[in-house]
Amino acid sequence: AIQRTFSIIKPDATKRNLTGAIAAKFEEAGLRIVASKRIQLSLAQAQEFYGVHSERPFFGELTEFMISEPIVVQVLEGEDAIAKNREVMGATNPADAADGTIRKEFALSIGENSVHGSDAPETAAEEIAFFFSGLELVG
Ligand code: CMP
């Protein structure tokens, strides 16, 4: 079915001018970028977005990293968009990511891993609503 998923191009990637290269990977995979904006998160916003990880040992490192530079938040649409995006991203740890994936080609480490993508339909809906209003979603 046609789905929408939420994506973040993270600080390590925006800083290295990889926004376009990563967007091209999405488009080549058949994912349409139906919303996109470049923003810089406050610490409070990063902590809220990653609230599910608040008890993890890397929470401080993760949230500080996510506010260190601007990010690009996007909504991707396509057939099985959630799974397709996860395939294009590759494994969380670039050391485990398959050839041709974004994280294999661009990520620096498990933390500085260039992209975030929703893991399920419920989280996709929540994450899209966190960053975008209905008016910004132009199918
Ligand atoms: P993301 O999909 O954005 O969701 C949670 C993030 O936590 C994950 O990507 C990783 O970048 C990050 N993460 C997971 N494990 C670690 C770790 N051991 N150290 C630092 N960051 C981590």
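All of the numbers you see were taken from the coordinates with simple rules; none came from a lab. Bear in mind that the values here come from a model prediction, so they are computed numbers and not experimental data. Because the Cβ atoms are built from the backbone with ideal geometry, glycine has one as well, and the counts that use them run over all protein chains shown.
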**OP:** Restricting attention to segment 59-83, report how many residues are free of Cβ contacts under 8 Å to residues at least 60 places away in the same chain and away from the ligand (no atom under 11 Å from the Cβ).
**Re:** 5
**OP:** All but one of (1) within 18 Å of Ala23 (Cβ to Cβ); (2) free of Cβ contacts under 8 Å to residues at least 60 places away in the same chain; (3) in a helix (DSSP H, G or I) hold for Glu126, so report the exception by its number.
**Re:** (1)
Subject >> Residues (among the aliphatic types (A, V, I, L, M) and more than 15 Å from Asn93 (Cβ to Cβ)) located in segment 105-123 >> reply: Ala120
Original post:
What is the residue count in segment 84-93 for residues that are near the ligand (Cβ under 10 Å from one of its atoms) and under 17 Å from Asp12 (Cα atoms)?
Top reply: 3
Original post:
Out of the residues in segment 1-41 that are crowded, with 21+ Cβ neighbours inside 10 Å and among the β-branched types (Val, Ile, Thr), which is nearest to the ligand (Cβ to nearest atom)?
Top reply: Ile8
**OP:** Taking the options Arg103, Arg56, name whichever one is within 14 Å of the ligand (Cβ to nearest atom) and assigned to a helix (DSSP H, G or I).
**Re:** Arg103
Original post:
Of the residues Leu76, Leu108, which single one is under 21 Å from Thr14 (Cα atoms), of a type outside the set (Ser, Thr, Tyr), more than 14 Å from the chain's Cα centre (by Cα) and outside any helix (DSSP H, G or I)?
Top reply: Leu108
Original post:
Is it the case that Lys84 is surrounded by 18 or more Cβ atoms within 10 Å (Cβ to Cβ) and either in a loop (DSSP other than H, G, I, E, B) or not polar (S, T, N, Q) (or both)?
Top reply: yes
Original post:
From the set of residues in segment 106-123 that are free of Cβ contacts under 8 Å to residues at least 60 places away in the same chain and within 8 Å of the ligand (Cβ to nearest atom), which is nearest to Ala44 (Cα to Cα)?
Top reply: Gly111
Subject >> Which listed residue is free of Cβ contacts under 8 Å to residues at least 24 places away in the same chain, under 21 Å from Glu77 (Cβ atoms) and not polar (S, T, N, Q), from Glu55, Glu28 >> reply: Glu28
**OP:** With the condition kept exactly as written, say whether any residue in segment 9-28 is of a type in the set (Gly, Ala, Ser) and assigned to a loop (DSSP other than H, G, I, E, B).
**Re:** no
